[in-house]
Amino acid sequence: MPEPDGGELGPLSSSPTPPPSYPLRHSLRSPLSPRVSLCWCRGNSLRVSLFSQPASEVEFGGEVVELKLNDGGDGEISNAQWRRIAYGSVSPFAMLQSRRNSFSSLSKINSSPYHLEWWEYVMEYSKDINSLLGNPKSSKNSLIEDPKTFVQKSEEPTCLKAAWELMEMFYADKLSQPWLPERLVDWLADYDSLFARAYGTVYSKLLNFQNELINLQVIEDDPRYWEVIASALAVGWLEIVVKLLRLHGSYQLDQLSNRETENGLVEAVAVLISKMPRMRPELEPRRLGECYKAKPDFIKAWEKWRGQINKLDCSAFWIQCHHVQTREGLRNLLQIMLGNMSSLSAATSHWLELYISHFLYVRPFTAGLESMYSLAQRCIQLKPMSNSHKLMGVMIGILGENTEVVLAESSKEFGPWMAAHAIELLTAGSDEAEALLREERYSLGEISLEELHRLVYAQVLSSHALSWQIAPVYLSSCLKQGMGLLEILLYRQPVPHKELLLKNLEICRLYELDDISSNIMKMAGVHHWKHGRKGSGVYWLQQAQDEFRLNKIAQLLFGSVGKSISDESFKQWEGLIELLHSESKAAGGLEFLLKYRDFKRLLQQIGDGKNDVAAQQAVESLMLLMKNPSTPQRFWLPLLNDSLKLLNWQDRPLLNVSQTNLLLNKLQELSIARLRPHFVKPDFPMEALNSVRLSLATNLGRAILEE
Amino acid sequence: MEKSVLKLDKGTTCTAWNYCGQRLAAGSVDGTLSVFDSPDPASSSFSRSSSVKVREVGISKVVWVPPEYGDAVACIFEDGNFSIWEEVAEDSLSVQWKLCEFFKSSSSKVLDIQFGVSPTSLKMVAGYSDGSLKVFELTNPLELKNWQLQAEFQNVIDSVSTFGKASCLSASISWNPVRGEGQESSFVMGFNSDTPQLNSSKVWEFDEAHQRWLPVAELALTEDRGDRVYSVAWAPNIGRPWELIAVATEKGITIWHLNLSPDADGRLPVERVALHSGQEGEVWQMEWDMSGMTLATTGSDGAVKLWQSNLNGVWQGQATFLPTC
Amino acid sequence: MAVTQLPRPPEVYKLPQYKYVDAVRWLPPISALDRHAVLALFDSDGGSSTVEIHSLLNPNPDASSTAKSLTTLAAWTPPSRVSSLKTTNLGHRPFIAVSTVDGSVHVLAAQNAHSLVEMGAAPRVHAGPVSCIDLVEGGAECVSVGEDGRVNLVSLGDSGVSSFRFFDSNGLVSYSAARWASPNEFATGGLGFGLQWWDRRKPGGPVSQFKCNWTQGRASGIVHSIDIHPSRKHTCLAGGSSGTIFAWDLRWQQQPIILSGVVMGDGSKHSVSDSSEVWEVQYDRDVKSSNASNFSSSSRMLPVMMCSEDGILAVVEEDEEPVELLAEPCAINSFDIDKQNPSDVICSLEWESVAILTRP
């Protein structure tokens, strides 16, 4: 499987031939049939059905195994942590996109200010994202009061955060460009422990030494003491160096008198170290060195400092120092500060450490990326890597100024989240990178690398039931293919669950996907209707304005209602009919039921046969029903039968001549229809027909007299 | 990271997941249809919710009906007949799987069935062992029992010639997955038969004006036209300027670009962009992922392979998975 | 969206859970000093659900920061995911009613903050998920409703939990919300902004029904939540689709009072959340925010708190601009106002976290 390297199966990885082979683990103990069945479910999870050989005597006939490709979880960061990062990235990402949109519309009017400020927005974004990736850096400064503790094993930093900060410092943070080497020194101080697992590093040396410190009586006699000091100095951890130096035995009160010179030399070196000039705007409190913002001042201070070291190196006091280890150890420190290649090489383990020491002591005036790459190659030659580290590809890509490599490596090592989000850093204010990453490529289906990485990330988000809802944010930033993928994503969400359905529809509304929305409602309507929830079914089909299906439902309902139209069980349909009220437009043939219900209510109101007004209303309602073409023919007779009370009204004939004639015509039509072959015979006794006919005739007579 | 999702019953021969991956239908050798469900959409544990003996004949393939038409499946049986079953609650009874329609084939066996959704109706294409195709249309969207035979034709470009005694071992059909308005229904289909003219994959499109199905493209080089086709798969298109169709033949897996704007004689221009003979033996199934960027294949070697296009548009194998205990 | 800001915003603490929060409620006090909340959590990696009592702590009581954290004290495992959760105080002991997507109802009791005991269960009283349950105030009786159209009464007696199917519409009507008005009366809500009033002494159907027809076919929706104020039992407050919050006064049957959402005729109304789902409504018991005497005598609506799919938690008052308490980039799925300390609100966010608000 693509474990442990998270994002191996990206579309960017150039594949070796033949492609890598992985085991697909299952728990079936029987021999398998070669027939395998595949299905892509939810984003990029692939479900594979494996079947046992038909003849085999086993408990199970097969197993379904789910393969998650491009799974975020890579051991360093758990799935739950990845989701938290994913949630947290949404707002910074969306904010940056909306800023870009307003920026590009601005730059159309006034093209110049674009590059002046854009990187500042990117920096804000980068800081927000960085804060999601872990706690603020572990400080290796002397905040720790215990004199015997100089490195603190704090929360393990992550490669992900280290890579993000690396890209931030090289691409987005334009302010730090002049003191890039010093930023690298700080970066290594924060993340040196990451390399400790695979290699011995300065950090691991220090940690080991600290653990043994309590067992040491005369610390300066131990060669390792001088070794770790040299190593810490080589990578610029000045606070640790000074702290360690002050553990030197000559500082002890009882020894001060007879080791005066020795102590003086130790202190002199310590002072020199703490006064090291540094090309950077500021240092955090309690950190050592003297800051210079302007290069000329820095050069001047550096030359002066170097002069002091040289002077000390040539000093006559060394002869008076009788402690060999101290003398040698201190002079080695001076050599490191003087940039002696062999001392630096001896003091460092990883090529990055050697690299950093070069910036500190060999080429302090390096600025920007000039010749950084060739230096890195030299360092790698001197200290070859036995196996590759997650961060190395990104690091070398950055130093080699190859944006495509950086993107490919960060995608390969850190997965789709990283690729989708780091592009913003890579393009910050660089026209070249922007052209490279935003150019539409025919081979990708006319989308850009940027869009491709966002699509891939969105697909990974879609793979999880909790994160699919944030995929639309990324898809909406993909101009060409984002909406296409979003439609498929929305269409594949399960409809039976009300909350999920509503969340799904809200996304449709937000992105104006009306077709998808009505399709989803249609699916929900049919599902509920078929699963015995007729009310929900009708509701969702109404929402979908699916008149075709509603008309079919109307036909089905007439069948059910028809059986019970004249009796009390009609009441159970009331709730459903209530639903139809609000959207009579979309009710289709169901409109009839609504009118029928109203008619029934009016009949009930008449009750004892005295309420003239209600009776007149009921007659009007009856006439409307009988005239309405959507009233099914088979309801005519039941309706008239229900209305006998109206036809035989005592006080006066309620129906006038023309109304009575219309009803008689309908009755006539019904009698003719009876003779046709396909007539559905209503569940009605013949007496009913006769009494209706009689009542109508009587009413007609009375009405004629009245007029 | 692989994870076991569920265990299948003894004798299971085929499975199919529904549109959202929340339900699995499994058919078995004794004619039992089992359905597995998960209790809620975020869970990936599944348990059997029903098990119905649909016939005394083994089920060889299960296909879900599109969700706009309810929770229903078509079962193809080993004797070449097929039927449609639906989950419904009737007259306030609890939910049950019921038979909607049984399709009896007289002389030829049905080999594959696929459903296509058009804005107005549901269409079903069935491929038969005599090399013919039947397109059925559902007349009432709420009842899966009323199917009307819309068309019957053979998988040949030249409609004049017919091949009476063709004998096909397998057929593969794949609808264009697009669901938008104003799109003509189309599908691709190929045969594995002893009649070369029937074999090659053809793209069929419904001509609304004349109410007939027309072959609009053939996905085979001239010299490969008689090659047996094992499987076809039409990729979802989220915005590419071309359609992507995978065709597995006896020569290997090929990937085709199909341009939807027809040329002068009404044919759709096609281009073969990849041929891979990576999969040993026959390829039995090919599935595109939701974006149409990754193709998963499996076949008689029992391995699962993934294929992707690199940045230069070159299709290549990305990974192979071999079932291991 | 016109929304006024509070003069002083509430203090907000967001606590990631790394699990989906299905429901959240304050727990009635167990002891005088501690504060507890009940969370229904779903672990999507393991596929398991739990109902947990969490204690709300200030990790650095001496420090100036009032940051809060939640610590799990007790947990109970339901058979499936939790769909609704309610708490009450019965004989100085907190009771919790839990309903599941499997259709069952469970009654739990908290002996103390460290023990959560199931007192009984009514398994599968609904076909499909239970949409909503409500516990009667100070009693051990629940009403449960579902999309299947059933209205069940589940009560805890000496011999455990018993259930009774009070009504069954056989799916012709679906219910999505329920709330007790008194020990004998309750209200339910459902599709098409419909509300039903029930009296357990009059079985066979709702005693009164309200069906909205003010939307004129434009935006019909679903009632997601109902609240009834103990001092005004004749008014049923409902929140639902399309940012709609309305109240139905039983004495004025036909015309609802609309607090938010759907535009009514010519008079435009304030809307807290345009067209989004209002997932929960509760009367705001924090009377500090407004003048209490305004409400006691007049017929004016009491202030209402709501949360929505578009991430708004706000207080809405009749004829006034809503006051926004929280605006999140993800949905706020539920909230609860602490009855003992009404300035405190706990809410569940879509992105696997809870937020606790303390209003000044």
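Condition check ((1) closer than 28 Å to B:VAL178 by Cα; (2) in the same structural domain as B:SER50 (by the TED database); (3) in a loop (DSSP other than H, G, I, E, B)) across all residues:
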| residue | (1), (2), (3) |
| --- | --- |
| B:GLU68 | yes, yes, no |
| B:ALA74 | yes, yes, no |
| B:GLU87 | yes, yes, no |
| B:GLU90 | no, yes, yes |
| B:LEU93 | no, yes, yes |
| B:LYS98 | no, yes, no |
| B:PHE115 | yes, no, no |
| B:MET124 | yes, no, no |
| B:LYS134 | yes, no, no |
**OP:** Kindly indicate whether any position in segment A:546-568 is at pLDDT below 80, under 28 Å from A:LEU655 (Cα atoms) and out of contact with any helix residue (DSSP H, G or I) (no Cβ under 9 Å at 6 or more places or on another chain).
**Re:** yes
Original post:
Restricted to segment B:244-253, and to residues that are at negative phi and surrounded by fewer than 24 Cβ atoms within 10 Å (Cβ to Cβ), which residue is nearest to the other protein chains (Cβ to nearest Cβ)?
Top reply: B:LEU244
Original post:
Is there any pair with a first residue in segment B:299-325 that is within 20 Å of A:GLU451 (Cα to Cα) and a second that is charged (D, E, K, R) whose Cβ atoms are under 9 Å apart and which are 6 or more apart or on different chains, and what are they?
Top reply: B:LEU311/A:GLU404; B:LEU311/A:ARG441; B:ASN312/A:ARG441; B:GLY313/A:ARG441
Subject >> Lone qualifier among C:VAL161, C:VAL98 - being of a type in the set (Val, Ile, Thr) and crowded, with 24+ Cβ neighbours inside 10 Å >> reply: C:VAL98
**OP:** Looking at (1) among the small types (Gly, Ala, Ser); (2) over 26 Å from A:LEU593 (Cβ atoms); (3) at the interface with chain B (Cβ under 7 Å from one of its Cβ atoms), find the lone condition where A:GLY482 falls short.
**Re:** (3)
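B:LYS145 - would you say it is over 30 Å from A:TRP529 (Cβ atoms) and over 18 Å from the mean Cα position of the chain (by Cα)?
When the stated conditions are applied, B:LYS145 does not pass them.
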**OP:** Within segment C:174-191, count every residue that is buried (at least 24 other Cβ atoms within 10 Å of the Cβ), farther than 17 Å from C:THR235 by Cβ and either of a type in the set (S, T, N, Q) or touching an Asp or Glu at 6+ places or on another chain (Cβ under 8 Å) (or both).
**Re:** 2
Subject >> Pair list, Cβ < 7 Å and 6+ apart or interchain, from segment A:486-501 residues that are in contact (Cβ under 8 Å) with a residue 40 or more places away in the chain to residues that are surrounded by fewer than 22 Cβ atoms within 10 Å (Cβ to Cβ) >> reply: A:ARG492/B:TYR19; A:ARG492/B:CYS20
Original post:
Which residue pairs have Cβ atoms closer than 9 Å, lie 6 or more positions apart in sequence or on different chains, and pair a first residue in segment C:181-194 that is at positive phi with a second residue that is charged (D, E, K, R)?
Top reply: C:GLY192/A:GLU578; C:GLY192/A:GLU583; C:GLY192/C:LYS211; C:PHE193/C:LYS211
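Within segment A:530-551, is there a residue that is under 16 Å from C:LEU172 (Cα atoms), crowded, with 22+ Cβ neighbours inside 10 Å, more than 7 Å from chain B (Cβ to nearest Cβ) and touching a Lys or Arg at 6+ places or on another chain (Cβ under 6 Å)?
Checked against the condition, which is being under 16 Å from C:LEU172 (Cα atoms), crowded, with 22+ Cβ neighbours inside 10 Å, more than 7 Å from chain B (Cβ to nearest Cβ) and touching a Lys or Arg at 6+ places or on another chain (Cβ under 6 Å), segment A:530-551 yields at least one hit.
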Original post:
When segment B:79-122 is examined, which residues are found to be within 10 Å of another protein chain (Cβ to nearest Cβ), acidic (Asp, Glu) and either more than 18 Å from B:ARG23 (Cβ to Cβ) or in contact with a Ser or Thr (Cβ under 9 Å, 6 or more places away or on another chain) (or both)?
Top reply: B:GLU87, B:GLU90, B:ASP91
Original post:
In segment B:1-30, what count of residues is obtained for those that are within 22 Å of A:GLY43 (Cβ to Cβ) and part of a loop (DSSP other than H, G, I, E, B)?
Top reply: 6
Original post:
Before we move on, is A:PRO11 facing chain B (nearest Cβ under 7 Å), surrounded by fewer than 18 Cβ atoms within 10 Å (Cβ to Cβ) and at pLDDT below 85?
Top reply: no
**OP:** Among the numbered conditions (1) touching a residue at least 40 places away in the same chain (Cβ under 8 Å); (2) at the interface with chain A (Cβ under 8 Å from one of its Cβ atoms); (3) surrounded by fewer than 24 Cβ atoms within 10 Å (Cβ to Cβ), tell me where B:SER291 comes up short.
**Re:** (3)
Original post:
Which of the residues spanning segment A:187-212 are surrounded by fewer than 21 Cβ atoms within 10 Å (Cβ to Cβ), touching a residue at least 24 places away in the same chain (Cβ under 8 Å) and not in a helix (DSSP H, G or I)?
Top reply: A:ALA198, A:TYR199, A:GLY200
**OP:** Only residues that are in a helix (DSSP H, G or I), facing another protein chain (nearest Cβ under 7 Å) and not basic (Lys, Arg): list them for segment A:490-508, please.
**Re:** A:LEU500, A:LEU502, A:GLU506
Original post:
Which residue, of A:ARG287, A:ARG278, is farther than 16 Å from A:ARG327 by Cβ, modelled with pLDDT of 90 or more and in the same structural domain as A:HIS323 (by the TED database)?
Top reply: A:ARG278
Subject >> In segment B:96-107, the residues that are buried (at least 16 other Cβ atoms within 10 Å of the Cβ) and modelled with pLDDT under 90 >> reply: B:SER105
Original post:
Can you tell me which residue in segment C:168-206 is farthest from C:GLU141 (Cα to Cα), limited to those that are more than 13 Å from every other protein chain (Cβ to nearest Cβ) and aliphatic (A, V, I, L, M)?
Top reply: C:ALA187
Subject >> Meets criteria (more than 19 Å from the chain's Cα centre (by Cα), within 13 Å of another protein chain (Cβ to nearest Cβ) and aliphatic (A, V, I, L, M)) for B:ALA264 >> reply: no
Subject >> Residue check, C:VAL101 among the β-branched types (Val, Ile, Thr) and within 20 Å of C:ASP148 (Cβ to Cβ) >> reply: yes
Original post:
Within segment A:253-260, is there a residue that is surrounded by 22 or more Cβ atoms within 10 Å (Cβ to Cβ) and in a helix (DSSP H, G or I)?
Top reply: no
Subject >> helices (runs of 4 or more DSSP H) within segment A:278-362 that include 2 or more residues surrounded by 15 or more Cβ atoms within 10 Å (Cβ to Cβ) and among the charged types (D, E, K, R) >> reply: A:324-337
Original post:
Hey, among the residues in segment B:143-155 that are buried (at least 19 other Cβ atoms within 10 Å of the Cβ) and part of a loop (DSSP other than H, G, I, E, B), which one's farthest from the other protein chains (Cβ to nearest Cβ)?
Top reply: B:ASN155
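Kindly establish whether C:VAL145 is touching a strand residue (DSSP E or B) at 6+ places or on another chain (Cβ under 6 Å), away from every other protein chain (no Cβ under 14 Å) and either surrounded by 23 or more Cβ atoms within 10 Å (Cβ to Cβ) or assigned to a strand (DSSP E or B) (or both).
No.
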Original post:
Residues in segment B:31-38: is at least one in a strand (DSSP E or B), at the interface with another protein chain (Cβ under 8 Å from one of its Cβ atoms) and either crowded, with 18+ Cβ neighbours inside 10 Å or at pLDDT below 95 (or both)?
Top reply: no
Original post:
Has segment A:425-436 got at least one residue that is in a helix (DSSP H, G or I) and among the hydroxyl-bearing types (Ser, Thr, Tyr)?
Top reply: no
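The values are calculated or read from the model by the stated rules, or taken from the named source; none is laboratory data. None of the values given here were measured: they were computed from a predicted structure. Reconstructed Cβ throughout: ideal geometry from the backbone, glycine too, with neighbour counts over all protein chains shown.
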